[in-house]
1. Gly194 is checked against (1) at pLDDT below 95; (2) not in a loop (DSSP other than H, G, I, E, B) and fails just one. What number does that condition carry?
2. Being among the acidic types (Asp, Glu) and within 26 Å of Ala150 (Cα to Cα) is the filter here; which residues of the range 190-235 pass it?
3. Restricted to the range 4-37, and to residues that are of a type in the set (Val, Ile, Thr) and touching a His at 6+ places or on another chain (Cβ under 9 Å), which residue is nearest to Ala242 (Cα to Cα)?
4. May I ask you to verify whether Val195 is within 15 Å of the ligand (Cβ to nearest atom) and crowded, with 20+ Cβ neighbours inside 10 Å?
5. Can you tell me how many residues in the range 169-201 are under 19 Å from Glu129 (Cα atoms) and out of contact with any strand residue (DSSP E or B) (no Cβ under 7 Å at 6 or more places or on another chain)?
6. Can you tell me which residue in the range 150-173 is modelled with the highest pLDDT, limited to those that are within 16 Å of the ligand (Cβ to nearest atom), touching a Phe, Trp or Tyr at 6+ places or on another chain (Cβ under 8 Å) and more than 15 Å from Phe212 (Cα to Cα)?
7. Within the range 161-192, track down each residue that is open to solvent by 60 Å² or more (accessible area, probe 1.4 Å) and closer than 19 Å to Lys108 by Cβ.
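The values are calculated or read from the model by the stated rules, or taken from the named source; none is laboratory data. This one's a predicted model, so the numbers in the text were calculated from it and none came from an experiment. Neighbour counts are summed over all protein chains in view; Cβ atoms, including those assigned to glycine, are modelled from backbone coordinates with ideal geometry. Calculation scope for accessible area: heavy atoms of the full protein, side chains included, ligands and nucleic acids excluded. Shrake-Rupley method; radii C 1.70, N 1.55, O 1.52, S 1.80 Å.
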Amino acid sequence: MTPLIAGNWKMFGLKAALAELEALKGAPRGGTEALVCPPATLLAGAAATLAGSGIGVGGQDCHKAPEGAHTGDLSAGMLKDAGASYVILGHSERRRDHGESDALVRAKALAAAGAGLKPIVCVGETIEERNAGREGEVVRAQLAASLPDAAPGGLVIAYEPVWAIGTGLTPTNPQIEAMHALIHAALKARFGVGVRVLYGGSVKPSNAAEIFAVAGVDGALVGGASLKAADFSAIIKAHPAAAA
Ligand code: PGA
């Protein structure tokens, strides 16, 4: 499977940030797939800036309905129309800030698939859940309830331990390997097809190579370190496939 290295800009970036994408275009990517998910205001600009580069753009969320009276929301079709090929769904910040449930994430994944977008569905435990030894149970339950009955085309899962996001903390390699094995097994049992499972949470140039070497890690979802082209391209370069 082609490794996917996706940048999640979150609520960062004005038009001037598109200059970072200009810089990213020339960075060597080899056999990796690179994706940038900017704020929705920059989607069309990012798509135009990256046109022809092979680097994709994605949204950070979408509504579950194809259109309607939902002030302030964006549909999957609108993201697609602006140039997106992927959409991040169920990020822990949305689950926290907007009370998004697994059922809502599932409905959004269906909407994304319906619009021809590949969903990147995020799962991950809190520190309390991990300290209680419940991380496997929690992630299994999130997967069960956040995904549609049939795997959407191009489905990607991002394992993002909540306690590792923006904290500089990362799980140990054996902890990452165990969780990725659990997720791969659950998806294989349910859908019968291989699905890429990304690791996310404090990935940076200094730890990317080590994380990419862990079995079952098919790429990364990168937050803070994706905002600067130099850091994001260093992370891409750290993947063994980038040299291919
Ligand atoms: P971080 O965020 O890389 O800044 O920890 C990752 C994410 O939330 O996707």
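1. Only one criterion is unmet by Gly194, namely (2).
2. Of the range 190-235, the ones among the acidic types (Asp, Glu) are 210, 218, 231.
Within the range 190-235, Asp218 is the sole residue that qualifies.
3. Start the filter on the range 4-37 by keeping residues that are of a type in the set (Val, Ile, Thr), which leaves 5, 32, 36.
Add one more test, that the residue is touching a His at 6+ places or on another chain (Cβ under 9 Å), and what stays is 5, 32.
Values: Ile5: 11, Thr32: 6 Å.
Among those residues, the one meeting the criterion is Thr32.
4. Values: within 15 Å of the ligand (Cβ to nearest atom): no; crowded, with 20+ Cβ neighbours inside 10 Å: yes.
Judged against the criteria, Val195 is not a match.
5. So in the range 169-201, the residues under 19 Å from Glu129 (Cα atoms) come out as 169-183, 199-201.
Going one step further and asking which of them are out of contact with any strand residue (DSSP E or B) (no Cβ under 7 Å at 6 or more places or on another chain), we end up with 169-175, 177-178, 181-182, 201.
The number of residues fulfilling the criteria is 12.
6. Only one residue tops the list, namely Val156.
7. Across the range 161-192, the qualifying residue is only Arg190.
Matching residues to (1) without any contact (Cβ under 8 Å) to a residue 24 or more places away in the chain; (2) in contact with a Pro (Cβ under 7 Å, 6 or more places away or on another chain):
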position	(1), (2)
Ala132	yes, no
Leu155	no, yes
Trp163	no, no
Asn173	no, no
Leu182	no, no
Ala185	yes, no
